[in-house]
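Taken together, the values in this text are just the output of simple stated rules run on the coordinates, not laboratory data. The structure displayed is predicted, hence computed values, not measured ones. Please note: Cβ atoms are built from the backbone with ideal geometry, for glycine as well, and neighbour counts cover all protein chains shown.
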Amino acid sequence: MARVIDEATRSAKKNEILDCAQQMIYTKGYEKMSIQDIINDLGISKGAFFHYFPSKAALLESLLTRTNQQGMQVVIPIAKDPSIPPDKKLEMIIQAGMQWKAGQKPFMMAILKAWYSDENALVRQKMMAESSSTFGELLMQVFKDGIQKGVFHTNHPEMAGKIIFSLMIQMSDSLGHILLRVNSDPPGDRKTAIQEIEQVVYSYTDAVERILGTEPGTVRMIDMEAMKDWLPA
């Protein structure tokens, strides 16, 4: 029983530090936030902080892992629902993920700059690998189901899933750079950003539909109207 309590206490303390870091990233930005800021805000010792996180990069990695896990809890029920057709399921998973991110837009935008920072390249690489083993595997099951039911048409289901996931990562990366640029100070041109986003989304959607052997318009990768909400007015 004591071990269970210790694990619960450890988890609670770790999440308390992560909650504090998440709030500071939103209010100050990752670059300006220091470990000492967190220590001062929580009233803990340096030893207590480093017991959970050996570095600022490790803190960021844990925060991104937790964010990824929270997002997965939103889409897993959709992926496991046998009553939803595979093509509709794919769209619902993507849209649910977008809506969940929109609910955390201030934090997501604040973390974007840190995500593309050169000093966090290793963290970014680790998180992409983690996403591949979680969200990527979930999508592959949807693709396999669609192929078995004759909704998707490809002779290489395993490779198709991996290729499509890679395309989705590349699309997200392209959109991330556009959002980072247009939300910079001074902000970029909204009209130009919308045109660039449309070009990226439609190009990648066309590629995914070709790989899955579906009719044009079958797959909706991104809700363009929802995407515009991420741009400055």
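Within the stretch 25-77, the set of residues being in a helix (DSSP H, G or I) and among the hydroxyl-bearing types (S, T, Y) comprises Y26, T27, Y52, S62, T65, T67. So S83 clears everything in (1) surrounded by 18 or more Cβ atoms within 10 Å (Cβ to Cβ); (2) part of a loop (DSSP other than H, G, I, E, B); (3) of a type in the set (G, A, S) except one condition, right? Which one? With (1) surrounded by 18 or more Cβ atoms within 10 Å (Cβ to Cβ); (2) part of a loop (DSSP other than H, G, I, E, B); (3) of a type in the set (G, A, S) applied to S83, the lone miss is (1). Looking at the stretch 192-233, which of the residues that are out of contact with any Gly (no Cβ under 9 Å at 6 or more places or on another chain), outside any loop (DSSP other than H, G, I, E, B) and without any contact (Cβ under 8 Å) to a residue 12 or more places away in the chain is surrounded by the fewest Cβ atoms within 10 Å (Cβ to Cβ)? My answer is E225. In the stretch 92-107, the condition of being farther than 18 Å from M168 by Cα and among the basic types (K, R) is met by at least one residue.
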